[in-house]
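Have a look at the structure below before the remarks.
The values are calculated or read from the model by the stated rules, or taken from the named source; none is laboratory data. In this text the structure is predicted, and so the values were computed from the model without any measurement. As a convention, Cβ positions derive from the backbone with ideal geometry for all residues, glycine included, and neighbour counts pool all protein chains shown.
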Amino acid sequence: MIFAAALLAPLQSFAEPFRTENVETELHSARAAVAPGERFTVVLRQKIREHWHTYWRNPGDSGEPTEITWRLPAGYAAGEMQWPAPEAIPFSILVNYGYSGEVLFPVEITVPRNAPVGQSVTFNADLYWLVCSDVCIPEGGAVSLTLPVTSQGSDDTIWAPRIAAVVAALPRPTNAEAHIGTGSPGRLSVELANATAIRNPYFFPFSRDALNNAAPQSPRVGPSGLSFDLQPGIDDNLGRAALAGVIAYEVQAGGAWTRRAFEVNAQPGGPLPGTDAQGATLTDDFVGGAPEQIGGAGGTQTSESSGAGPAEAAGGGVTTLLAALAFAFLGGLILNVMPCVLPVLSIKALSFAGGAHAGEARRHGIIYLVGVMATFLALAGVLIALRGAGESAGWGFQFQAPWVTGGLGLLFFAIGLNLLGVFEIGGNAQGIGAGLASRGGDIGAFFTGALAVVAATPCTAPFMAFAVGYAVTQPPLATLAVFAGLGLGFAAPLVALSFMPALQRRIPKPGPWMERVKNVLAFPMFAAAVWLAWVFAEQTGAIGALALLSLALALSFAVYVARWGRFWLIAGVAVLALTAAFAWRPLAGVAPVEAVVAEAWSPERVEALRAEGKPIFVNFTAAWCVTCKVNEGVAFTPRVSAAFAERGIAYLKADWTNRDDIIAAALAEHGRAGVPLYLYYPAGGEPSVLPQLLTEGIVLDAIDGGGE
Amino acid sequence: MSKILSKRTLLIGGVGAAVIGAGAGLLVTNKAQAAVDTGARAPNFSVRDASGATRTLAEFAGRTVILEWTNRGCPYVQKHYNSQNMQDLQGETTDDGIVWLSVISSAPGEQGYVDGPQALVHAREVSAQPSAILLDPTGVMGRAYGARTTPHMYIINPEGVLVYQGAIDDRPSARPETLQGATNYVRAALADLAAGRAVATAQTTPYGCSVKYAA
């Protein structure tokens, strides 16, 4: 009988595949013939075109899972389609979960007990799937599979072993304990034997709304299991609800790395011990890992991973916060020796040597502490407000960073000038009276604190980045606490000094050396200013550097002459204001980007455009021509470029930065010996010469008057 | 000496206070790809529309604004346009004085990238009725909003606060028949706003094609 069935099978069993350009789909059966009452497995096989993929039951950030709808003969029943472990597929800011190459989805089918033996049975299925590379195509079609029914049935010699392997590799529920903690990230920890021997672990959630799929999971392993840092998704309920999904990893078996996967259903709870001893091994081609961690178990210590260390080690809410506070305090202490900060603090420390009696020193110490704390908390407040206002995301494209670097550069330059004794507004104030001066001392102590914090900002990015990185993901109270920790650590050394006369006595006696130290300390400040000026120039280009240096020049003039009295102070401020009026644009990040792309000028190009009957605007300019640059900043506004575009005006630029006889000749032709020169050729008309001091209105009038 | 220092720091401290806010912002730029929180201020933007004019969020202050990320080559977008679903919603909302901005963040060479004239021609062909089509080929606006899919919908209230972000409806599929009986989250959110209620479903997971950002 079995023999007969085996003979019959090749004749009666056949599958009808379905092909598209991107996916070939076919049903295969583990049984060449089925018997009444048995349950057997078929697979839906997708062969996916190279660089394309289909999706898992949770497709991740985009995409859609493959669906199968059975049309079965009466009495037959099909189970759910079962999902092999997917891969994480990153695409720009998204991460999807799906399959590439070939994937086999097992489905169990039950044959009715009364299925008539000796006949064939056909299983039809309607399919729908989405297949994507960089674009997505929804596809669908029908497949069928016909099998003979025999009294004993028989295995398919090719497909039975393959299907058995696929079924064996399916992620299965386990009894492994798993916990998901609260927070962002929330820590998922899972029991797993020999976790330290695995590599490339990844957690795939079943729910689309559970996780931020694109966030790195930072997997770690330990003697009793493994753990992941998971960022919450829209549900935002990590640690407050069970989290189910699949954990996939690779393990060495018989000399080769084999992929394994199992299902977890993590219950809310703190991290399981022994699951985070070291970073998991991630290979270079593994897409789920943060790039910093590639390279091996517990190996690389980047600033990011070391910064996250205390928080990771501590795990749960309160402990994490305490660890972050301790780290913040330590970070604050270290800030004292940063090159931008040390000069400011050294001078304050020297003032204790200047014979300040104990009571005054203590009061100044306290006020300094208040200044530091107020500034740090103000910083935290600004952060919280920015976050609340949704500005964090918007910041990047408002290009406000040049204003920060430029402003700090000028600030350091001014501090340096003061340290050199170029300006001492104090000389004025000294005459005002002892009472005010001592109050000035208090205010001074407060602002020494504030200034030190401000001065610290550019030098301390690595530390601040961690504190801020942790703080921005926390509720406002925790943010404030972390910044308070930073502030306390920051203020500690000087406050300690102010309270310990024994320490103060170790500072050498005051004398001319203090002036010298002060002067020498000016140079680190100038160095910081130089560095910031370079950053600023990188951000804004040569025009930005010109603006910043002009402002520095005007600033030094203003502070230098201010000592001569009120008239000079006003004059200095006026010069500064005038400079700022011309130079504010690059500083404020308003890059004079010319939206209309300028073509290079040549007499031939002008002739060609005139022959076409096009209006032309020619700008004769040069990099060293200040008037030109001011004009370009003031007059070539987005409105003007929009008007150019609207009227189809060709914008030509003749750049006379380097010697050019043809441009010189053209200038001479219009009675000019140099730049700037602005010409407007109306369509089919003779050119008109625009004034040398240009405004937006002049340009618009010219093209309105002559153009139409 | 200490008095001189005091005056100096007084002066510089004032300047410092102005810088500090900016410094804080500089630090925040490290924050990765974070989408805007619902209930937070929607980030401003400055991009060109299909007719070449520069458009900003600020110009719509006082009006409800809907942002629709779109890509005409995307089957999920086509589901909503071939069925007139999206156009009907555009018509309803703009008739009510709501601003509808269709945003295209496809990079040049990627699916769905169009220049201004092409965008206008296509909009006419499919009878789309947005207030404007914004062209974001650099993806700056899309990344600022964390737009992940087409469609991906955002509603900004007249005060400039983001009150809804996510999917257009509760049927994450490209199949046209799934429109039957779907709950349109945008329409529901607008009804909540019109009734003076808080938006009940203020955030959902968007579905569709990935936004074709520049690499």
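In this structure, is residue A:118 without any contact (Cβ under 8 Å) to a residue 40 or more places away in the chain and assigned to a strand (DSSP E or B)?
It is false that residue A:118 is without any contact (Cβ under 8 Å) to a residue 40 or more places away in the chain and assigned to a strand (DSSP E or B).
Can you tell me which of (1) closer than 20 Å to residue B:60 by Cβ; (2) out of contact with any strand residue (DSSP E or B) (no Cβ under 7 Å at 6 or more places or on another chain); (3) not in a loop (DSSP other than H, G, I, E, B) is the one residue B:164 doesn't meet?
(2)
Have a look at A:127, A:145 and point out the one that is more than 25 Å from residue A:202 (Cα to Cα), surrounded by 17 or more Cβ atoms within 10 Å (Cβ to Cβ) and within 14 Å of another protein chain (Cβ to nearest Cβ).
A:127
Let's see how each residue does on (1) part of a loop (DSSP other than H, G, I, E, B); (2) at the interface with chain B (Cβ under 8 Å from one of its Cβ atoms); (3) over 24 Å from the mean Cα position of the chain (by Cα); (4) at pLDDT 80 or above:
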{"position": "A:396", "(1), (2), (3), (4)": "no, yes, no, no"}
{"position": "A:403", "(1), (2), (3), (4)": "no, yes, no, no"}
{"position": "A:408", "(1), (2), (3), (4)": "no, yes, no, no"}
{"position": "A:430", "(1), (2), (3), (4)": "no, yes, yes, no"}
{"position": "A:438", "(1), (2), (3), (4)": "no, no, yes, no"}
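Considering each residue of the stretch B:165-215, count those that are basic (Lys, Arg) and free of Cβ contacts under 8 Å to residues at least 60 places away in the same chain, and give that number.
Going through the stretch B:165-215 one residue at a time, the tally reaches 2.
Are there any pairs with C-beta distances below 6 angstrom linking a residue in the stretch A:505-520 that is within 13 Å of chain B (Cβ to nearest Cβ) and surrounded by 13 or more Cβ atoms within 10 Å (Cβ to Cβ) to a residue that is at pLDDT 75 or above and part of a helix (DSSP H, G or I), with the two at least 6 apart or on different chains, and if so which?
These pairs meet every condition: A:518/A:419.
Kindly indicate whether residue B:145 is closer than 23 Å to residue A:96 by Cβ and not small (Gly, Ala, Ser).
Considered against the rule, which asks whether it is closer than 23 Å to residue A:96 by Cβ and not small (Gly, Ala, Ser), residue B:145 comes out as yes.
Within the stretch A:239-264, count every residue that is farther than 15 Å from residue A:87 by Cα and within 30 Å of the chain's Cα centre (by Cα).
Result for the stretch A:239-264: 6.
Here are some conditions: (1) in a loop (DSSP other than H, G, I, E, B); (2) closer than 30 Å to residue A:149 by Cα. Residue A:124 meets all but one. Which one does it not meet?
Exception for residue A:124: condition (1).
Among the residues of the stretch A:533-544, count how many are among the aromatic types (Phe, Trp, Tyr) and surrounded by fewer than 18 Cβ atoms within 10 Å (Cβ to Cβ).
Here the count works out to 1.
Counting residues that are among the polar types (S, T, N, Q) and surrounded by fewer than 22 Cβ atoms within 10 Å (Cβ to Cβ), which helices (runs of 4 or more DSSP H) fully inside the stretch B:42-146 reach at least 3?
It comes to B:85-95.
Considering the stretch B:147-166 alone, what residues qualify as being among the small types (Gly, Ala, Ser) and crowded, with 21+ Cβ neighbours inside 10 Å?
Across the stretch B:147-166, the qualifying residues are B:147, B:166.
Given the residues B:135, B:120, B:101, which is the only one that is within 14 Å of chain A (Cβ to nearest Cβ) and of a type outside the set (Ser, Thr, Tyr)?
B:135
To keep it simple, each residue is scored yes or no on (1) of a type in the set (Val, Ile, Thr); (2) buried (at least 17 other Cβ atoms within 10 Å of the Cβ); (3) closer than 17 Å to residue A:632 by Cα.
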| site | (1), (2), (3) |
| --- | --- |
| A:523 | no, no, no |
| A:531 | no, yes, no |
| A:546 | no, yes, yes |
| A:554 | no, yes, no |
| A:562 | no, yes, no |
| A:567 | no, no, no |
| A:571 | no, no, no |
| A:577 | no, no, no |
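Provide a single number: the residues in the stretch A:30-65 that are buried (at least 24 other Cβ atoms within 10 Å of the Cβ), in a strand (DSSP E or B) and among the charged types (D, E, K, R).
1
Of everything in the stretch B:167-203, what is surrounded by fewer than 22 Cβ atoms within 10 Å (Cβ to Cβ), of a type in the set (Ser, Thr, Tyr) and within 14 Å of another protein chain (Cβ to nearest Cβ)? Give them in sequence order.
B:173, B:178, B:201, listed by residue number.
Determine which member of the set A:675, A:689 is in a loop (DSSP other than H, G, I, E, B), of a type in the set (A, V, I, L, M, F, W, C) and over 30 Å from residue B:116 (Cα atoms).
A:675
Modelled with pLDDT under 85 and in contact with a Phe, Trp or Tyr (Cβ under 9 Å, 6 or more places away or on another chain): does that describe residue A:635?
Taking the combined requirement at face value, the residue satisfies it.
Scanning for something surrounded by fewer than 20 Cβ atoms within 10 Å (Cβ to Cβ) and aromatic (Phe, Trp, Tyr), does the stretch A:668-688 turn up at least one residue?
No.
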